[in-house]
Structure formats: structure tokens, C-alpha cells
Amino acid sequence: TIYRSSLLFLTCVAILAVDFHVFPRRFAKTETVGCGWMDLGAASFVVAAGMVSPQARHKPGKTHRPFQRIAPVLVMGFLRLITHKGLEYQEHASEYGIHWNFFFTLAFLTLLSASTSSRTPSWIAPVLILVVYQTFLSFFGGQAWIETAPRNCNKGGAGMLCDLFVANREGILGCIGYGALYLMSEWIAYSFFWDEVKPMTLWIVVAALFVTWQLVVMAGVDVSRRTTNAAFCSWVLFVNLLQLVAIYTVVDWAGTSDVPPVLAAVNRHGLLTFVVANLLTGIVNLSINT
């Protein structure tokens, strides 16, 4: 609860602060490669979602509930798209593409959770997904294409679907990396958090994720938020697990599991908090010259 609510509070601050010059640009989202603070924030929502899925908590999956949850997220996504285009609100195509936004990514992850509700979490599927995806990025020109290709197909018979895909390639292909990140987070929580928690084992997992991240980087793969590549996913997992295990260790030392009511409320109503923060940020940006 402390981990998830802290993530939401930091997000509410960052999405507003980034529009002001006082906000350090090194904390903003990266354009091509590198470790950005706000890149970490977006991906951390995926990790947090995987950590508390029914499968992660050893509970039988209910296929109808995730499908019901897709509707409001999709509505938010389309409302954001319509308002951004209608108000000519500032946006960066390199983030998710021309029409895509993070709400659509959350809808995809909800669908992924529903479609895999009957299986036991495993590390094999996310690792295989990342290996295949990274192979495409590194050896078949995928990384360069995502970063530099034009926003249309430039072919007479290509069609609207081709243009939509190319225009939103960061958001659509990014779902591959985010999907692997979600499944890996689910497996880690299933294996180490929701059953018998052993603090020493948790720190070993953190160390293993750090070594994995460094090995991937040493292999020549730069952290890339735009492609959600293997380096990005291993970095995000390491930082999130480090934070979560540190919180758990402090709470364990304190000998109490009491959580402040405000943090509990924000954790329980995360989507509502996120939506209100986005709306208030938009009002500020439309009201004053940031």
C-alpha cells in the first residue's frame, strides 16, 4: 500500500511540475535512450499492477471483472485523445505516438490479465517474450526504425491500418515490453511476496535484477523507454523491487503494519486519483503560461 500510494503521489507532483522550467529536465521523459525519472514512473504502474493481480495473490482469476475494467480505461483513453486534439494540448509523438496514450496501454494489460487468468505465473513466458522482442530490436533494425521512421507508410495501397500502426508504433510495440514487465512482476510477487515472505530472499532477488540489468547494458543494449526493451524492463524491475523491499524492511523493523488512512485511500482509488491529477494538471496548463 505504501509503495503503490507513494508512486501515485510522486506521479501527481511530476506530471504538473514537468511543465514548469524549475523542474530539472534530466527527470523528464527521455527522447531516445537513457534512464529518466518519469519513464520509470510510467513503467512502475505496470509493475504495481502485476504485483497485485489475482494470479500474483494466489487467487483464482475471474475473467469477467478484468473485461469490465477495460471499459472505463478505454473511455479515459479516448477522452484524452479527443481533448488533446481538440484543445491542441502540448504532446510529444515520441512518447506513445500520434494517437496512443498510456490509458490504451493499461487497457491492453487488463486484457492480458483476463486472457491469462487461468494459468500459474511463470518467469518463462516474459523472458521468452523479451528475448524475441530484443532480437527484433537489436538484429533486425527494430530499434532504429522505431526511433527514426516517418509517421506514415508512404505507399499508395498501404491503407489506414498501416498508417495508424506506424503513427503509433511506440505505444503499440511498447505493449510487448510492458506485457513482459507485467508478467514478470506477477511472477515475482507470486513467488516471493504473497505467500511466505523472507527478507533475505527478497534482497537476493533485488541483487539478481541489478546484475541482469548491468549484463544487458554491457551487452550493448541501452535503456530505451520508446521501445520498452530488455534493458528498460530489467532496470524498471530492479528499481521497483529495491524500493518495495526497502519499504518492507523498514516496516518489518518497526514491528507494525499500520498504514496512514490517506495512503490507504489513494491506494484503493488509484485510477480515480490518477484521472483527477491529470484533469487538474490540464486545467493549470490551460489557465496559466507554465
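Tabulated data for the structure shown
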item	result
Pairs where the first residue, in segment 127-138, is open to solvent by less than 50 Å² (accessible area, probe 1.4 Å) and the second is of a type outside the set (Val, Ile, Thr) and assigned to a helix (DSSP H, G or I), C-beta under 6 Å, 6+ apart	Leu130/Ala180; Leu130/Ala230; Gln134/Ala230; Leu137/Gln143
So Ala230, is it open to solvent by less than 40 Å² (accessible area, probe 1.4 Å), more than 19 Å from the chain's Cα centre (by Cα), within 27 Å of Phe103 (Cβ to Cβ) and not hydroxyl-bearing (Ser, Thr, Tyr)	no
Where a residue in segment 157-183 is free of Cβ contacts under 8 Å to residues at least 40 places away in the same chain and its partner, wherever it lies, is buried (at least 18 other Cβ atoms within 10 Å of the Cβ) and among the β-branched types (Val, Ile, Thr), with Cβ under 8 Å and at least six apart	Phe165/Ile172
Complete set of residues in segment 31-44 that are touching a residue at least 40 places away in the same chain (Cβ under 8 Å) and open to solvent by 20 Å² or more (accessible area, probe 1.4 Å)	Glu31, Thr32, Val33, Gly34, Cys35, Leu40
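The values are calculated or read from the model by the stated rules, or taken from the named source; none is laboratory data. All values reported here derive from a predicted model rather than from experimental measurement. Here Cβ is always computed from backbone atoms with ideal geometry, including for glycine, and neighbour counts include all displayed protein chains. To get the accessible areas, we keep the full protein, side chains included, count just its heavy atoms, and leave off ligands, DNA and RNA. Shrake-Rupley method; radii C 1.70, N 1.55, O 1.52, S 1.80 Å.
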